[in-house]
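Data first, discussion second: the structure below is written as structure tokens.
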Amino acid sequence: MEGRLKSLLKPTTHENPYIDTPKSPLQPPTYGNLITVLSIDGGGIRGIIPGTILSFLESELQKLDGEEARISDYFDIIAGTSTGGLVTAMLTVPNEKNRPLFAAKDIKDFYLEHCPKIFPQVSNPLPHVSKIIKVFSGPKYDGKYLHNIIKEKLGDKRLHETLTNVAIPTFDIKKLQPTIFSTYEVNNKPSLDALLSDICIATSAAPTYLPAHYFETKNLEGEVREFDLIDGGVAANNPTMVAIGEITKQTMKRNPGYFAIKELDYGRLLVISLGTGTSKAEYKYKADEVAKWGLLSWLTSGGSTPLIDVFSQASADMVDYHLSVIFQALHSEKHYLRIQDDSLSGTVSSVDIATTTNLEDLVKVGEGLLKKPVSRVNLETGTGEPAEQETNEEALRRLAKLLSHEKQLRDIRSPAGKVASSK
């Protein structure tokens, strides 16, 4: 019981360095009305799209609660897969003052600066031939720069040190099963307390693009656990259900921070799920053409990797569909916001064309997505459609107010929150 309490109340055990502000770390859900979830899809360089959206959300929270407000102050759990896992770590890893090392606005600059070196663009007079050769000789990129920059930025910080709960999916290629690095599980499974850098490298190891990642951890008894991991996107490219699953387990275990919640009530959830864009509008794969494909075509056709496209998008859409059904059935649509652009085409739909021009175009995609109307899944057709007059920007502004109110409510009801607020 003591271990689980420490895990759940983790954000309240950190001394708040900004004692001159009315802020305090987020208190447990049992003191509030909502359970707050942020989820970030995988998608390579397209992670700059949710990064742009998060920058807007954080700016709205700062208007309400002061310039020191950060995304991690408002969510009970943040889940991220692949590039979304890296964004999750950036938002939650602590600096020397025990505040987030990165503000949301820093994500865009990180991608603009480092993606061209992570995915170097090599000119070749015979690009198609070169790509085919690379498919059979190893991953498209060696990952060395990515590994080095992640280790440099995240340092020696481990999973248990994040400033709010996180869940980062990976896939164990040796065991052929998902491995979820969840802060909720660290006390019960100390072997999961890996370096955040190793976790981020692993969840980003997209097959054919980047090499698989091997590392080891030790528990308190010195027992070694081995991890043979690849991109979590093969199992959960949209990790929203992963996050909800972790929360559900806490209610089942009667976690102290959830003791007022006898069973998970989806009506209490406030979920923001951020996609990285797709190119569905192009309808680039047709049955009569695909019927003739062999392995090589499944790996190299259409300027991308169709096999990975299919698996990642199918899992992401099924999660969105499932949640749309639940939230619509509960008449709680306003508490579930999925922001996704299905109309990407050409270069911006790529996960690795990291030219300066394309990265800047992706920033514009994110900015344009804020102005688009909120979209919801049509339960008859399974496709996303404009749901109402509210734009994504307006919806985020509305949810920022809910997040701020929820945080203040927990501070009022929680003994720890009252102490922190009185300092």
For this session: Say whether the condition of being closer than 21 Å to Gln340 by Cα, among the hydroxyl-bearing types (Ser, Thr, Tyr), touching a residue at least 12 places away in the same chain (Cβ under 8 Å) and buried (at least 24 other Cβ atoms within 10 Å of the Cβ) is met by at least one residue in the stretch 93-112.
Result: yes
Problem set entry | Search result, residues across the stretch 26-55 that are within 25 Å of Thr391 (Cβ to Cβ) and of a type in the set (S, T, N, Q) | Thr36, Ser39, Thr52, Ser55
For this session: Please tell me if Phe227 is modelled with pLDDT of 95 or more, closer than 18 Å to Glu161 by Cα and outside any helix (DSSP H, G or I).
Result: no
For this session: Considering every residue within the stretch 134-141, establish whether at least one is touching a His at 6+ places or on another chain (Cβ under 8 Å), at pLDDT below 95, surrounded by fewer than 17 Cβ atoms within 10 Å (Cβ to Cβ) and not acidic (Asp, Glu).
Result: no
Exercise. Looking at (1) open to solvent by 30 Å² or more (accessible area, probe 1.4 Å); (2) more than 29 Å from Tyr145 (Cβ to Cβ), which is the only condition Thr240 fails?
Worked result: (1)
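Is it the case, given these coordinates, that Leu220 is within 30 Å of Gly294 (Cβ to Cβ), over 16 Å from the mean Cα position of the chain (by Cα), among the aliphatic types (A, V, I, L, M) and open to solvent by 10 Å² or more (accessible area, probe 1.4 Å)?
Spelling it out, it is not the case that Leu220 is within 30 Å of Gly294 (Cβ to Cβ), over 16 Å from the mean Cα position of the chain (by Cα), among the aliphatic types (A, V, I, L, M) and open to solvent by 10 Å² or more (accessible area, probe 1.4 Å).
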Seminar exercise, completed: Among strands (runs of 3 or more DSSP E) entirely inside the stretch 322-422, those with 1 or more residues being open to solvent by less than 40 Å² (accessible area, probe 1.4 Å) and charged (D, E, K, R) are 336-339, 384-391
For this session: Check Phe227 against each of (1) under 19 Å from the mean Cα position of the chain (by Cα); (2) over 20 Å from Thr276 (Cβ atoms) and name the one condition it does not meet.
Result: (1)
Seminar exercise, completed: From the option list Phe102, Phe75, single residue qualifying as modelled with pLDDT of 95 or more and more than 17 Å from Arg158 (Cα to Cα) is Phe75
For this session: Would you point out the residue of the stretch 23-46, among those that are of a type in the set (S, T, N, Q) and open to solvent by less than 10 Å² (accessible area, probe 1.4 Å), that is nearest to Gly233 (Cα to Cα)?
Result: Ser39
For this session: Could you grab the pairs with beta carbons closer than 6 Å, sequence gap of 6+ or different chains, first residue in the stretch 240-267 and closer than 16 Å to Leu34 by Cα, second one modelled with pLDDT of 75 or more and open to solvent by 30 Å² or more (accessible area, probe 1.4 Å)?
Result: Leu264/Thr248; Tyr266/Ile326; Tyr266/Leu330; Gly267/Leu330
For this session: Output the number of residues of the stretch 137-184 satisfying the condition of being among the charged types (D, E, K, R), in a helix (DSSP H, G or I) and touching a residue at least 24 places away in the same chain (Cβ under 8 Å).
Result: 3
For this session: Have a look at Gly257, Gly277, Gly245 and point out the one that is at positive phi and either modelled with pLDDT of 80 or more or surrounded by 19 or more Cβ atoms within 10 Å (Cβ to Cβ) (or both).
Result: Gly277
For this session: Consider only pairs whose beta carbons are under 8 Å apart and that are at least six residues apart or on different chains; among these, list those whose first residue lies in the stretch 398-409 and is under 18 Å from Glu68 (Cα atoms) and whose second residue is crowded, with 21+ Cβ neighbours inside 10 Å and among the hydroxyl-bearing types (Ser, Thr, Tyr).
Result: Leu403/Thr36; Leu403/Tyr74; Ser404/Tyr74; Glu406/Thr36; Glu406/Tyr74; Lys407/Tyr74
Exercise. Of all residues in the stretch 153-186 being among the hydroxyl-bearing types (Ser, Thr, Tyr) and in contact with a Phe, Trp or Tyr (Cβ under 9 Å, 6 or more places away or on another chain), which is surrounded by the most Cβ atoms within 10 Å (Cβ to Cβ)?
Worked result: Thr170
For this session: Of all residues in the stretch 198-219, count the ones that are basic (Lys, Arg) and modelled with pLDDT of 95 or more.
Result: 0
Problem set entry | Residue that is modelled with the highest pLDDT [pool: residues in the stretch 260-274 that are more than 24 Å from the chain's Cα centre (by Cα) and hydrophobic (A, V, I, L, M, F, W, C)] | Ile261
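The values are calculated or read from the model by the stated rules, or taken from the named source; none is laboratory data. Because the structure is a prediction, the values reported are computed rather than measured. Neighbour counts run over all protein chains shown; Cβ positions are idealised from the backbone, glycine included. For accessibility, only protein heavy atoms count, side chains too; no ligands or nucleic acids. Shrake-Rupley method; radii C 1.70, N 1.55, O 1.52, S 1.80 Å.
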